[in-house]
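Visitor: Sharing a structure below in structure tokens format, with a few things to ask.
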Amino acid sequence: MNDMTGRTAVVTGASRGIGRAIARRLAADGATVVVHFGTDEVGASATVVEIERAGGAAYAVGAQLGTDDDVESLFEGIEAALAGRPLDVLVNNAAAAPAGPLGATTRAEFDHLFAVNVRAPYFIVQRALPLLRDGGRIITISSVATRMANPSQTSFAMTKGALETMSLTLANQLGVRGITVNAVAPGATRTADNGAVFEAPGFAELIAGATALDRLGGADDVAEVVAFLASDAARWVTGQVIDASGGLFLGPRA
């Protein structure tokens, strides 16, 4: 475990899945966590309850990303939760799901995907910088979709590629403040919400067979990587994309 006692963190999209696991993990390390949700208030409340039952501190804050006033709505809640304290860790996790292949994606779907997955994280970082302490952490969740050709996720992969470029350039800009900026790229990750997807006959075995570590990933696997990057131990790691996929599609395993 990493000692984050007295520190604060914001995790977007933390009402379920990987975001919930990240929020729980940072809270277990001692951070006070702002649990952001878009529409799933019940899920965010459940995340907060889990953290509090484990002895941690958390606050749920709602703001629907991709709308005109999303960032200001989010930070009204964040600043109320921080109550004058600086922000130590920002985790951009919230994302819209893939919209489909090139021939099926509508302009509205495309615009929504970029509004949630690219515009919102960009302006969340912009708004967070005055609150973020020197030596703080910015961690953005990307995807292995950026290194694989998947025609069903073209626009989604484009958004994640933009986030990786953002992380690289911000790392160079913010390094003078001791702020590290990194991205984490999960692969196929089983969570409580998407478990049914992996129940399709042979699908879980197919993914495991294409993964170097020979199993499906879980949300906690990704959360551990984020917790490392948020810790003092990662003080010399910045501008990187950390693959947290267990080695998905690295090549033939013959």
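Visitor: So if I take the centroid of the Cα atoms in the range 228-247 and the same for the range 1-62, what is the distance between those two points in Å?
Guide: 20 Å
Visitor: To continue, here is another question. Figure the gain on full extension for residue 224 and residue 173 (residue separation times 0.36 nm, minus the Cα-Cα span) and round it to one decimal in nm.
Guide: 15.7 nm
Visitor: Also, I was wondering about something else. Would you work out the Kirkwood radius for the chain? I mean one over the mean of 1/r across all pairs of different Cα atoms, in Å.
Guide: 18.4 Å
Visitor: Points 7 angstrom from Cα along the Cβ direction at residue 200 and residue 158: gap in nanometres?
Guide: 2.4 nm
Visitor: Given R₀ = 22 Å, FRET efficiency for residue 165-residue 102 by Cβ-Cβ distance, to 0.05?
Guide: The calculated FRET efficiency here is 0.55.
Visitor: I would also like to ask the following. How far apart, in nm, are the 7 Å Cα→Cβ label points at residue 148 and residue 67?
Guide: Going from the residue 148 label point to the residue 67 one covers 3.4 nm.
Visitor: Helix-derived [θ] at 222 nm for the chain: sum -39500 (n - 2.57) over DSSP H runs of at least 4, divide by residue count, nearest 500? Show your work: numbers first, answer last.
Guide: Working: 8 runs with 95 residues, N = 254.
The helix contribution divided over the chain gives -11500 deg cm²/dmol.
Visitor: What base-10 log of the normalised intensity I(q)/I(0) is obtained for the range 148-232 from the Debye formula, alpha carbons as equal point scatterers, at q = 0.10 Å⁻¹?
Guide: Relative scattering, expressed as log10 I(q)/I(0), comes to -0.36.
Visitor: I need the trypsin sites (Lys or Arg not before Pro) found in the range 178-238, filtered to DSSP loop residues with at most 10 other beta carbons within 10 Å of theirs.
Guide: Answer in residue order: no site qualifies.
Visitor: Using the Kyte-Doolittle scale, which helices in the chain average at least -1.0 and also have C-alpha atoms spread 15 Å or more along the helix axis, with helices defined as whole DSSP H runs?
Guide: Details: long enough: 17-28 (17 Å, 0.47); 41-53 (18 Å, 0.29); 70-82 (18 Å, 0.58); 154-174 (30 Å, 0.38); 219-230 (16 Å, 1.33).
TM-like helix candidates: 17-28, 41-53, 70-82, 154-174, 219-230.
Visitor: Let me ask something additional. DSSP beta bridges in the range 1-119, what fraction antiparallel, as a percent rounded to 5?
Guide: 0 percent
No value in this document is a laboratory result; all are computed from the given coordinates. Since the structure is predicted, the reported quantities are computational estimates derived from the model, not experimental observations. Heads up, the Cβs are rebuilt from the backbone with ideal geometry, glycines too, and the neighbour counts pull from every protein chain shown.
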